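Following: one structure in structure tokens, then a few remarks.
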Amino acid sequence: MVYSREVENMCCVKVDARHGCAPIPEEGKWVNVREIKDISGFTHGIGWCAPQQGACKLSLNIKEGIIEEALVETIGCSGMTHSAAMAAEALVGRTVLEAVNTDLVCDAINTAMRELFLQIIYGRSQSAFSEGGLVVGAGLEDLGKGLRSQVGTTYATKLKGPRYLELAEGYITRLALDEEGSIIGYEYIKLGPMLDNIKKGMDANEALEKAKGSYGRFAEAAKYIDPRNE
């Protein structure tokens with residue numbers, strides 16, 4: 001260690017304010033984090049790219065500093081989906097510090113990793129007060145049985161009003177309107193279960209009908225419209 005002449009000429013004064021770092025909640029216990037291996041937890045981060053044409057939700061399950069599980073969800077940019085594929089491979093097995101200093105291909109994914117890192121080092125995780133944390137595989141539960149991201153896509157113009165295209169329930173096929181033209185419900189298709197049934201050998205039309213559902217006062221509509229063609 002090299003010190004300047006000014007520092008070398010200073011007299012020594014005892015440092016008394018050494019109380020250690022503040023403990024943070026981690027998987028049901030309070031931990032004084034001094035090293036990367038002290039960090040555990042399951043948490044999320046949201047990121048965006050510089051032109052803000054796409055976004056990423058990143059979920060990591062970290063055990064003793066190592067990323068054991070990664071869920072990368074992207075929206076809004078076609079290239080970002082391929083970046084997510086590469087990021088999923090690049091993340092697992094690394095320490096959380098390595099990951100925040102790794103090029104995860106896409107700015108939105110890198111930003112999500114940065115935001116997640118800030119959350120986890122301050123103890124703000126989904127599993128902060130869960131004894132033992134969440135098992136590896138818990139990330140898949142965010143996707144539900146169909147293993148699809150929760151997507152909401154709507155569109156509207158002042159001239160023609162709103163169109164619901166996809167919501168948490170699934171792909172919207174019809175909107176239900178009342179006598180005044182207001183939306184009172186919708187019909188949807190659960191794409192995950194539909195494709196699963198087709199893979200099992202079910203006829204496509206039968207699988208489509210089986211995967212349909214409705215929300216709101218769909219049956220009471222005065223008029224039904226296709227949100228993509230009307």
| message | Residues that are surrounded by fewer than 16 Cβ atoms within 10 Å (Cβ to Cβ) and assigned by TED's automatic domain parsing to the domain that holds residue 116, at least 1 per element: which strands (runs of 3 or more DSSP E) completely within the stretch 10-49 meet that? | response | 29-31, 41-48
| Filter the stretch 131-164 for residues that are in a strand (DSSP E or B) and exposed (fewer than 11 other Cβ atoms within 10 Å of the Cβ); which is farthest from the chain's Cα centre (by Cα)? | 157
| field | Total residues in the stretch 70-92, condition in contact with a Leu (Cβ under 8 Å, 6 or more places away or on another chain), in a strand (DSSP E or B) and among the aliphatic types (A, V, I, L, M) | value | 3
| message | Let me spell it out: the conditions are (1) of a type in the set (D, E, K, R); (2) part of a strand (DSSP E or B); (3) surrounded by fewer than 13 Cβ atoms within 10 Å (Cβ to Cβ), and residue 57 meets all of them except one. Which number is the exception? | response | (3)
| field | Complete set of residues in the stretch 100-130 that are part of a helix (DSSP H, G or I) and either over 30 Å from residue 28 (Cβ atoms) or of a type in the set (Val, Ile, Thr) (or both) | value | 100, 107, 108, 109, 110, 111, 120, 121
| request: Answer yes or no: is there a residue in the stretch 108-129 that is aromatic (Phe, Trp, Tyr) and surrounded by fewer than 19 Cβ atoms within 10 Å (Cβ to Cβ). | output: yes
| query | What's the number of the condition residue 67 fails, among (1) out of contact with any Lys or Arg (no Cβ under 6 Å at 6 or more places or on another chain); (2) assigned to a strand (DSSP E or B)? | reply | (1)
| message | For the stretch 81-101, check the following and say yes or no: at least one residue is of a type in the set (Gly, Ala, Ser), under 26 Å from residue 35 (Cβ atoms) and touching a residue at least 60 places away in the same chain (Cβ under 8 Å). | response | no
| message | Given the options 185, 201, 181, 192, name the one that is part of a strand (DSSP E or B) and not assigned by TED's automatic domain parsing to the domain that holds residue 68. | response | 185
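Looking at 54, 76, 41, which one is free of Cβ contacts under 8 Å to residues at least 60 places away in the same chain and at positive phi?
Answer to the check: 76.
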| request: Kindly indicate which of 201, 170, 185, 213 is among the small types (Gly, Ala, Ser), surrounded by 15 or more Cβ atoms within 10 Å (Cβ to Cβ) and modelled with pLDDT of 95 or more. | output: 185
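The values are calculated or read from the model by the stated rules, or taken from the named source; none is laboratory data. Because the structure is predicted, anything quoted here is derived from the model rather than measured. For neighbour counting, all protein chains shown are included, and Cβ atoms are generated from backbone atoms with ideal geometry for every residue, glycine included.
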